[in-house]
Amino acid sequence: MATIKVRVKPSSRKEFIELMADGRLRIAVKEPAKESRANKALIKLLARKLKVAQSDIRIKAGHSSRDKIIDIEGITLDEITRRLQLD
């Protein structure tokens, strides 16, 4: 299991994932931060990019915050970096 820290940008025109200077991922999703829509879009985007099931991704902390801690089952941090091409 890997744990990552992310900062979510809801209501974005484009979806993207980028590495921030402090080591967190900045993830932009099109959905607004209402009724957990941005959280669901975040999980869906990560699952698609990492090629894992949505059920393998869990928001551990920050459900109502832009800053989140996310656990991802069945993958390592090195594999996340490779799959997201963050080198």
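The values are calculated or read from the model by the stated rules, or taken from the named source; none is laboratory data. Please read these numbers as outputs of a predicted model, since none were measured by experiment. Positions of Cβ are backbone-derived with ideal geometry, glycine not excepted, and every protein chain shown enters the neighbour counts.
Here are a few things to note about the model shown:
- Matching residues in segment 27-56 - criterion: being exposed (fewer than 15 other Cβ atoms within 10 Å of the Cβ) and either closer than 15 Å to residue 81 by Cβ or of a type in the set (A, V, I, L, M) (or both): 51, 53
- Positions within segment 61-85 being in contact with a strand residue (DSSP E or B) (Cβ under 7 Å, 6 or more places away or on another chain) and either hydrophobic (A, V, I, L, M, F, W, C) or more than 20 Å from residue 20 (Cα to Cα) (or both), in sequence order: 61, 69, 70, 72, 75, 77, 80, 84
- Residue tally, condition surrounded by 12 or more Cβ atoms within 10 Å (Cβ to Cβ) and either modelled with pLDDT of 95 or more or acidic (Asp, Glu) (or both), over segment 76-87: 1
- Options 38, 47, 53; residue that is free of Cβ contacts under 8 Å to residues at least 24 places away in the same chain, touching a strand residue (DSSP E or B) at 6+ places or on another chain (Cβ under 9 Å) and of a type in the set (A, V, I, L, M, F, W, C): 47
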